[in-house]
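Visitor: I'd like to ask some things about the structure below.
Laboratory data are not the source of any read-out in this text; all were calculated from the coordinates shown. Being a predicted model, the structure only gives us computed values, none of them experimental. For neighbour counting, all protein chains shown are included, and Cβ atoms are generated from backbone atoms with ideal geometry for every residue, glycine included.
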Amino acid sequence: MINLSNVSKYFGTQDVLHEIDIQINEYEKIGIVGPNGQGKSTFFNLISGEIKPNEGYINIPKKITMSYMHQNVQLSYKKESLLEYTENSNPKLIKIKNEIKNLNEQIQKHSQNVQLLNKLDDLLENYALLDGYEMTHKAETALSGLGFKENQYNDLFGNFSGGWKMRAELARLLISNPKILLLDEPSNYLDLPAIEWLKKYLENFNGTMLMISHDRYLLNSLTTKTIEISNGNAIKYEGNYEYYIDEKNKRLEHELNKEKNLSKKREEIQNFIDKFRANSKKASLVQSRIKMLDKMEKVEVKINKASTNIRIPTPPSSGKNVISITKGNFGYNEKEIILNNVDLNIDRNEKFAFIGANGAGKTTLLKILAGNLKLKSGNLKIGHNVIIGYQSQEFGETLNPDLSVFETLLKDNDMNDNDARKILGDFGFSKDSINKKTSVLSGGEKIRLSFARMFSNPPNYLILDEPTTHLDIDGRAGLEKLLKDYEGTICVVSHDITFIRNLNAHIIHVNNNEIDRYYGNYDYFLNKSNNQLKNTPHKTKTKKINIKKEQRKTKAESRLIKQEKAKKLKSLEKNLDELHRHQKILINKTKESDADFMNINKDLNNIAKKIKLIESEWEKVSQITDPQ
């Protein structure tokens with residue numbers, strides 16, 4: 001369907017894409033991955049025809065419909081409402097609609113003109129075939145799924161913020177019914193409910209889809225093929241993101257082994273040449289080896305993984321209770337209610353992810369927990385020896401672009417140069433990179449610098465607001481590892497579902513000015529909230545969960561899970577002891593003069609296999625994380 005043959009694209013002296021050969025088939029769902037700045041968006045711009053290749057050609061069937069969701073775009077608009085802007089997404093329908101309007105005006109003047117009436121019938125039929133009469137309903141469904149409220153549909157599109165305009169643009173493109181859909185970071189401006197809706201919508205998309213994304217949840221859920229764009233190359237993998245990672249690691253291991261074997265062979269040949277170079281009797285053999293060395297294959301192994309071996313210092317211990325809010329209320333003015341009657345208790349080493357729709361109050365709640373905002377009423381109590389480390393959404397914008405990494409750390413910190421260099425080294429900055437200006441840092445480097453600043457006085461309570469926003473997939477995985485290794489309490493807001501899952505954080509759902517605490521991970525939250533929706537009458541407001549009842553129930557479930565795990569481990573250990581005892585008896589039998597070695601060895605082999613299986617099972621069970 002889409003064929004890129006020997007395609008190269010360069011800007012000045014920068015060779016972004018080099019001799020790419022890629023075939024994309026009809027109805028394929030493909031994830032486009034790779035480090036930032038390696039040409040993923042350029043790849044889309046070539047397919048869409050916005051730019052032309054310097055070499056090679058791109059073949060796409062003529063007259064095929066294509067919609068392209070750019071990562072960042074300045075949206076032009078007339079004085080249209082949100083709904084009008086969204087539903088007018090299909091150029092063919094707009095053209096037919098205008099033609100119908102003109103014909104109706106002509107028919108009013110010439111009502112007996114059969115030719116005009118026949119033409120109107122044809123246009124109305126085509127309009128129906130293109131789902132013209134369904135566009136308003138489709139637009140309302142998409143806008144609702146992406147977080148707009150019904151009372152916003154008639155608001156002027158131009159009055160919405162940039163992020164909400166991008167949501168409307170996404171809705172507009174989704175309902176345009178293209179045969180090819182190009183999505184460049186579609187989840188950038190979405191909250192978790194909108195991401196879940198987008199996933200369900202795209203699962204039913206009947207066309208060819210290519211998606212650039214750092215969202216591993218969407219990549220694994222929606223794509224069946226993966227194209228990696230890196231170092232000017234494009235490699236297609238026959239599976240989703242998880243498959244791609246596994247296959248890439250296998251390829252890397254193969255290439256490393258190949259290079260290792262070739263290096264060993266080169267060394268052997270070179271040793272022969274050096275040893276017999278002065279021996280005239282072996283001159284022909286030496287020349288033969290020299291030619292052999294020149295013709296040997298050279299394997300260049302490129303590894304794109306950033307070397308961010310971060311060593312995070314152990315923070316001092318806090319008291320058991322870290323922070324608590326009792327009957328907390330907050331609004332930015334007297335009439336506004338952001339948070340109402342909030343009760344929240346956070347203990348030492350607990351990890352929580354705050355989720356909910358944009359505007360629900362997640363960031364406000366984090367600012368209250370960090371001490372940056374004060375409750376209008378209610379009580380907030382901070383526990384003994386609690387040291388807070390707070391990172392806002394705008395952490396990157398607060399960095400002075402004229403300062404270096406080294407200068408940024410020293411600013412407002414009472415430390416000497418050597419201590420500063422050590423801290424920066426612990427957070428993955430080399431001797432050379434500490435002199436880089438903050439203006440040229442990547443998203444991952446800015447995160448690490450932000451953490452270095454926080455950990456100059458190690459906090460035992462981290463409060464992080466959207467820390468993954470500007471990170472690529474490797475950066476997000478690195479941050480996950482850092483937070484897993486962190487020996488302290490964490491409260492984080494994130495719209496990255498895989499990130500939240502991998503942290504194994506408990507969930508606090510912020511909704512309708514209230515909070516609900518779930519004593520389980522994101523999947524536990526989904527299961528519980530879906531069950532609540534099923535048991536709630538249509539359009540009836542969901543009542544607030546009885547927190548104490550929920551706590552008792554979930555804690556009882558946690559105890560049961562722990563008991564089952566302990567029971568299983570005890571049973572496996574008992575079986576292992578029995579097998580080891582039997583193994584010892586058989587080994588002693590081999591020392592007897594009339595021992596039946598053939599049958600004893602057979603029994604010993606069977607026991608060894610059973611021991612291996614039980615040990616493997618024991619390891620799996622022991623690694624199951626206990627509910628907190």
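Visitor: About its Cα centre, how strong a charge dipole does the range 321-545 have in debye, to the nearest 20, once Lys and Arg get +1 and Asp and Glu get -1 at the Cβ?
Guide: Charge dipole of the range 321-545: 940 debye, to the nearest 20.
Visitor: A follow-up question, please. Asn379: net charge of surrounding residues, Cβ under 13 Å, Lys/Arg +1, Asp/Glu -1, itself excluded?
Guide: My count for the surroundings of Asn379 gives +3.
Visitor: Same structure again: Only bridges with both residues in the chain count here: give the DSSP antiparallel percent, nearest 5.
Guide: Roughly 50 percent of the beta bridges in the chain run antiparallel, per DSSP.
Visitor: May I ask which residue of Tyr243, Ser176, Gln270 lies farthest towards the positive end of the charge dipole of the range 152-270, with charges of +1 (Lys, Arg) and -1 (Asp, Glu) on Cβ and the Cα centre as origin?
Guide: Of Tyr243, Ser176, Gln270, it is Gln270.
Visitor: Mind listing the long-range amide H neighbours of Phe354? Cut-off is under 5 Å, sequence gap 5 or more, other chains count too, H placed in the peptide plane at 1.01 Å from N.
Guide: Residues meeting the amide H criterion: Val492, Val493, Ser494, Ile508.
Visitor: Which percent of the Cα-Cα distances in the chain go past 45 Å?
Guide: 38
Visitor: Another question about this same structure. Spelling out what I want: for every residue of the range 262-270, take phi, set θ = phi - 60°, compute 6.51 cos²θ - 1.76 cosθ + 1.60 (Karplus), and round to whole Hz; glycine and proline get x.
Guide: Along the range 262-270, the couplings run 5, 4, 5, 5, 4, 4, 5, 5, 5 Hz.
Visitor: Can you tell me the alpha carbon radius of gyration of the range 556-622 divided by the globular rule-of-thumb value 2.2 N^0.38 Å?
Guide: For the range 556-622, the normalised Cα radius of gyration comes out at 1.51.
Visitor: Another question, if that's okay. Which order results if Thr438, Thr590, Thr86, Thr13 are arranged by neighbouring Cβ count within 10 Å, fewest first?
Guide: Thr13, Thr590, Thr438, Thr86
Visitor: Something else: Please give the charge dipole size of the chain, origin at the Cα centre, charges +1 on K and R Cβ atoms and -1 on D and E Cβ atoms. Round to the nearest 20 debye.
Guide: 1480
Visitor: Taking K and R as +1 and D and E as -1, what net charge do the other residues with C-beta under 11 Å from the C-beta of Phe455 add up to?
Guide: +2
Visitor: Next question. I need to check one value: relative contact order of the range 321-545, counting alpha carbon pairs closer than 8 Å and at least 6 residues apart, in percent.
Guide: Worked out over the range 321-545, it gives 26 percent.
Visitor: Name the residues whose placed amide hydrogens come within less than 5 Å of the amide hydrogen of Ile338, ignoring near sequence neighbours (fewer than 5 apart) on the same chain.
Guide: Result for Ile338 returns Phe330, Gly331, Tyr332.
Visitor: Taking 0.36 nm per residue of sequence separation and subtracting the Cα-Cα distance, how much length would be gained by fully extending the chain between Asn59 and Asp417, in nm to one decimal?
Guide: Gain on stretching Asn59 to Asp417: 123.1 nm.
Visitor: Next up: Only helical DSSP H runs with n ≥ 4 go in: add -39500 (n - 2.57) per run for the chain, normalise by residue count and round the 222 nm mean residue ellipticity to 500 deg cm²/dmol.
Guide: -14500 deg cm²/dmol
Visitor: Counting other Cβ atoms within 10 Å of each Cβ, which GluC sites (Glu not before Pro) in the range 2-111 have at most 12 and sit in a DSSP loop?
Guide: Hits after loop and neighbour filter: Glu26, Glu50.
Visitor: Work out from phi, with θ = phi - 60° and the Karplus expression 6.51 cos²θ - 1.76 cosθ + 1.60, the ³J(HN,Hα) of each residue of the range 372-381, listed in order in whole Hz, and give x for Gly and Pro.
Guide: Along the range 372-381, the couplings run 7, 10, 10, 4, 6, 7, x, 10, 10, 10 Hz.
Visitor: Below 8 Å between Cα atoms, with a sequence gap of 6+, how large is the relative contact order for the chain in percent?
Guide: In percent, rounded to a whole number, it is 12.
Visitor: Gain in length, Asn341 to Asn372, computed as 0.36 nm per residue apart minus the alpha-carbon separation, to one decimal in nm?
Guide: So the chain would gain 9.2 nm between Asn341 and Asn372.
Visitor: Assuming R0 = 41 Å, what is the FRET efficiency of Lys79 and Gln115, from their Cβ-Cβ distance, to the nearest 0.05?
Guide: Result of the calculation: an efficiency of 0.70.
Visitor: Tell me, in nm to one decimal, what length is gained between Asp274 and Lys248 on full extension, where the rule is 0.36 nm per residue of separation less the Cα-Cα distance?
Guide: 5.5 nm is the gain from fully extending Asp274 to Lys248.
Visitor: To the nearest 0.05, what FRET efficiency results for Gln14 and Lys589 with a Förster distance of 56 Å applied to their C-beta separation?
Guide: About 0.15, to the nearest 0.05.
Visitor: Given Gly356, His582, Phe160, which one lies farthest toward the positive end of the charge dipole of the chain, if we put +1 on the Cβ of every Lys and Arg and -1 on the Cβ of every Asp and Glu?
Guide: Result: His582.
Visitor: Taking only C-alpha pairs under 8 Å that are 6+ residues apart, what is the relative contact order of the range 210-293 in percent?
Guide: Normalised by residue count, the contact order of the range 210-293 is 16 percent.
Visitor: Computed FRET efficiency, Cβ-Cβ of Ser622 and Glu99, R0 41 Å: what is it to the nearest 0.05?
Guide: 0.05
Visitor: Let me ask something additional. 7 Å from Cα along Cα→Cβ at both Lys327 and Lys570: what's the point-to-point distance in nm?
Guide: 4.5
Visitor: Taking θ = phi - 60°, what integer Hz values does the Karplus form 6.51 cos²θ - 1.76 cosθ + 1.60 yield along the range 450-462, in sequence order, with x for Gly and Pro?
Guide: Listing the rounded values in order: 4, 5, 4, 5, 5, 8, 5, 10, x, x, 10, 9, 9 Hz.
Visitor: Can you give me the distance in nm between label points at Asn435 and Leu403, each placed 7 Å from the Cα along the Cα-to-Cβ direction?
Guide: Each label point lies 7 Å from its Cα, and together they span 1.9 nm.
Visitor: Given H placed 1.01 Å from N in the peptide plane, which residues other than close sequence neighbours of Asn511 have an amide H under 5 Å from its amide H?
Guide: Amide H to amide H, under 5 Å and 5 or more residues apart or across chains, Asn511 pairs with Asp516.
Visitor: Also, quick follow-up: So which of Lys562/Lys620; Lys165/Lys225; Lys138/Lys528 end up more than 18 Å apart by C-alpha?
Guide: Beyond 18 Å: Lys165/Lys225; Lys138/Lys528.
Visitor: Now for a separate question. Given labels modelled 7 Å from the Cα in the Cβ direction, how far is it in nm from Thr469 to Glu238?
Guide: Simple spin-label model gives 4.2 nm for this pair.
Visitor: Scan the range 344-450 for trypsin sites (Lys or Arg not before Pro) in coil per DSSP, keeping those whose Cβ has at most 12 other Cβ atoms within 10 Å, and list them by number.
Guide: Lys374, Lys411, Lys431
Visitor: Which GluC sites (Glu not before Pro) from the range 567-596 combine a DSSP loop assignment with at most 12 other Cβ atoms within 10 Å?
Guide: Taking the range 567-596 and a limit of 12 other Cβ atoms within 10 Å, the loop GluC sites (Glu not before Pro) found are Glu592.
Visitor: Now for a different question. Leaving out same-chain residues fewer than 8 places away, which lysines sit with a Cα under 21 Å from that of Lys589?
Guide: List returned: Lys602, Lys609, Lys610.
Visitor: Consider all pairwise Cα distances in the range 321-545 and report the whole-number % of them above 24 Å.
Guide: Counting every Cα pair in the range 321-545, those more than 24 Å apart make up 48 percent.
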